[in-house]
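The next block holds one structure in the form of structure tokens; read it before the comments.
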Amino acid sequence: QIAEHMETVYGINVSYGTIYGWIKRYVEIISEYLDKSKIKTSERWHIDETVVRIKGKQLILWSILDSETRFLIAQHISEGKDADEAYKLLDKGLRRSENKPLEIITDGAAQYVKAIDKKFGSELKEPILHVQAQISTPLSNNKLERFHKTLKQRFKPISCFHNKKTAETFSKGFTIFYNHIKEHKALNNKTPEQTTNQTENKTSWIKLIEEADKPQTKKENPTPNYII
């Protein structure tokens, strides 16, 4: 669709393979740039997982969402659905956040109990409230379930991924879009990044690429590498 749009509107003939190469490159550039800075999160995190398909196989997409700012703290893709994979997700979330949560909300799956006990018990030795949300509980995981619904709506036209690497590129790209570009009605039409950093400034893909490219512009050739 992008290739057709560029040819119809701008008269530029470029293959969809080339466009996908740009997507992979810029998603990686922005992700590496954003991952260098930590974010301040609230005291409550939501954790859940959903299934994505790769050529008839199933992969598990794990997510951590900040309850107050709706910031997507971390994602993890795995073939299995055990405590070790849930632990890897927690580890990613703690490395991305400035602070540790006081409360984590999950469903009743046993892998979360084991992973949280290992990370916050035997390793960090810090008490944490683990709420296993059920239909009858006041605290639910609806916020993260809504996020997964939004993600799957975007994923629906793709139908399935070709391999795990493609799924990871999609996950990183959607995380950038969701946190830094997409406005949320629940946040008064602000992005999670604006809410987290208490700023009125909005950003865009091109601004993020320019910011991520700044260290490279110190070289002899000042031409940004995002120009086509």
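Summary table
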| read-out | value |
| --- | --- |
| Exposure of residue 14 as accessible area (Å², to 10), given a probe of 1.4 Å and all protein chains | 20 Å² |
| Estimated distance in nm for a label pair at residue 128 and residue 207, the labels positioned 7 Å out from Cα along Cα-to-Cβ | 3.3 nm |
| Label selected from (i) 0.95; (ii) 1.50; (iii) 0.99, the criterion being Rg/Rh (Cα atoms, Kirkwood Rh) as computed here | (iii) |
| Solvent accessible area, Å² - residue 204, 1.4 Å probe, full protein context | 30 Å² |
| Heavy-atom accessible surface of the chain: percent carbon and sulfur, 1.4 Å | 51 percent |
| Accessible area in the full protein assembly, largest first, 1.4 Å probe, for 85, 28 | 28, 85 |
| Solvent-accessible ranking of 12, 73, 128, largest area first, probe 1.4 Å | 12, 128, 73 |
| Rough spin-label spacing in nm, given labels placed 7 Å along Cα→Cβ, for residue 5 and residue 156 | 1.8 nm |
| Accessible area per residue in Å² at 1.4 Å probe, computed on the chain | 59 Å² |
| Test item: Cα-centred dipole of the chain, Lys/Arg +1 and Asp/Glu -1 on Cβ, debye | 260 debye |
| Probe 1.4 Å - accessible area at residue 175, Å² to nearest ten | 30 Å² |
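The values are calculated or read from the model by the stated rules, or taken from the named source; none is laboratory data. Keep in mind that what you see is a predicted model, and the values were worked out from it rather than measured. Cβ coordinates were reconstructed from backbone atoms using ideal geometry, including for glycine residues, and neighbour counts include every protein chain displayed. What goes into the accessible areas is simple: the full protein's heavy atoms, side chains included, and nothing from ligands, DNA or RNA. Shrake-Rupley method; radii C 1.70, N 1.55, O 1.52, S 1.80 Å.
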